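Just below is one structure, and these are the notes that go with it.
Nothing in this text is a laboratory measurement; each read-out follows from the coordinates by a stated rule. Bear in mind the structure is a predicted one, so any value in this text is a computation, not a measurement. Backbone-built Cβ (ideal geometry, glycine too); neighbour counts: all protein chains shown.
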Amino acid sequence: MFGPGLPGLFLVPVSFGPGRFNGQDPPLCIYLNISLTSLLCRQLVYYTVPTVGGLLNATFGNATELIISLFAMKQGMLRLVQQSLLGSILSNMLLVLGCALFSGGITHLNKEQMFNKLCCQSNVGMSVGLLLMAVMSLIFPTVLRVTNTELQIGTSVLALSRFCSCVMLVAYVVYIFFLLTNQKQDYASLKEDSPTASSDNEESADITKWESIIWLGVLTLFISILSDYLVNAIEGASVAMDVPVAFISVILLPIVGNAAEHASAIMFAVKDNLDISLGVAIGSSTQISMFVMPICVVVGWMIERPLDLDFEPFETATLFMTVLVVAFILQEGTSNYFKGLMLLFCYMIVAASFYVHVDPASIREFLRTYRIYHKFVPFY
């Protein structure tokens, strides 16, 4: 299990130790572990076709979001779960993809980068369709609450969210099955038509496939241990930095969680392999919205945590506009540095919006607590 690329993995105990025993902040330790996860994901991509490689990269990268969400949900921090998952989708679609397109465009200034129209563009189309389906699943519970049109007040939104989550999980499983059964044939025919298409992928991996998988499992275990400390530190960090919790949850936390996708997408874009970059960025967003988010709702159902898909109108509108912007930018099948720059500008607008945004759910919770308190404690 000790290939040429493994010496850096001895940093795992080092990255775990400081946050646990020396009193340092855990986000740095998680960031180090996620960076190593990115290295291993890139090694694993060498053994697969681009679409499956991007899917594997996104899956191991999103393990961090899932673990953090489960820890937060266990502690009853349901809004943190919603906002961190939303932030991961926005970060992948705007920040990660924007940096990848911008870096690839700057590196290859003399030509317009293109991704494989035979496979990748159809995958992007299906992914955008799934993302719009996820937006639909968020809009209906939110509108149901805002318009006060629930059949059963207080329970209809939760029931609808759980039903939508089950449908989304089934749709994502069918999507993965379609992806795995069709992409190998598509890429085989592509290689026959263009023998030189794989000339850029002649680099060899530093470690074997099973070594990558085993080390990825070990790093995921370390991240799960450190995630508990990260969740507990969020509210304290909000007070210490005088920054809204929503901004930390939607903007800052996903930047740490998406470090693996960020590094991988940029590296493959610089190497003029946009197929994998799009598979990582768009595939990761699709996986969070169609798998991680509904699985959190279902797990919350099992452990009696009423997590629903009732995102606030501001957050739902932000996600909807993000999906539309990315869909229009990628519809031509080409890429340049200006398209990446547009996505980065959009992410800056989103970040600024959440910095000045007051979470309505926190206000409702405060008013509810205030009323309960003064119901039993007379005001003098």
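A compact table of results
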item: Potential extension, VAL239-THR334 segment - 0.36 nm per residue separation minus Cα distance; result: 29.8 nm
item: Ordering of 308-321, 146-159 by packing [mean C-beta count within 10 Å, highest first]; result: 308-321, 146-159
item: Distance in nm between pseudo-label sites at VAL325 and THR155 (7 Å out along the Cβ direction from Cα); result: 4.1 nm
